[in-house]
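Peer 1: Here it is, the structure, as structure tokens.
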Amino acid sequence: MSSQKESTVVLTGEPTVGDVLKFKEEERRGVRVTPPRKIWYGSSPERCQLCGCSLLEEKIFYDAKSLVGPWAIMCLNCFNDKGLGVGTGLGQVYEREKESGEWVKVAG
Ligand SMILES: [Zn+2]
């Protein structure tokens, strides 16, 4: 048995070509790779753009297409009410990460 050292590679933001190559190399060597996190780069959303409720205490928000028009940042309630869905071209879900306070994409 080989005693291969195990490490985890964590990337933040959009992976560059270099990152992807590094990924593949690490994967080839059997290193556990954590998929890159997609972080919300805009300013931290403060309010739901549909109902105006505060998102400051929320753990989750949606950046999604709505029944009432264009894309909007919306709270869970509004998404359940007016959101068209989650996925490419539909909407994304962001969750506030406890440690960093950053919004990380969890679906879509
Ligand atoms: Zn709302």
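Read-outs throughout are calculated quantities, based only on the coordinates presented, and are distinct from any laboratory measurement. What you see is a predicted model, and the numbers here were worked out from it, not measured in a lab. Every residue, glycine as well, gets a Cβ built from its backbone with ideal geometry; the counts of neighbours run over all protein chains shown.
Peer 1: Along each of the three principal axes of the Cα atoms of the stretch 39-108, give the extent in whole Å, ordering the values from largest to smallest.
Peer 2: 34, 25, 18
Peer 1: Which pairs in the list LYS22/LYS105; LYS82/LYS105; LYS22/LYS59 are over 30 Å apart, alpha-carbon to alpha-carbon?
Peer 2: Violating the 30 Å limit, Cα to Cα: LYS22/LYS59.
Peer 1: Quick one: length gained pulling VAL31 to THR88 fully straight, 0.36 nm per residue minus the C-alpha distance?
Peer 2: Extra length available between VAL31 and THR88 comes to 17.6 nm.
Peer 1: What dipole magnitude, in Debye to the nearest 20, does the stretch 39-108 give about its Cα centre under +1 on Lys/Arg Cβ and -1 on Asp/Glu Cβ?
Peer 2: Charge dipole of the stretch 39-108: 220 debye, to the nearest 20.
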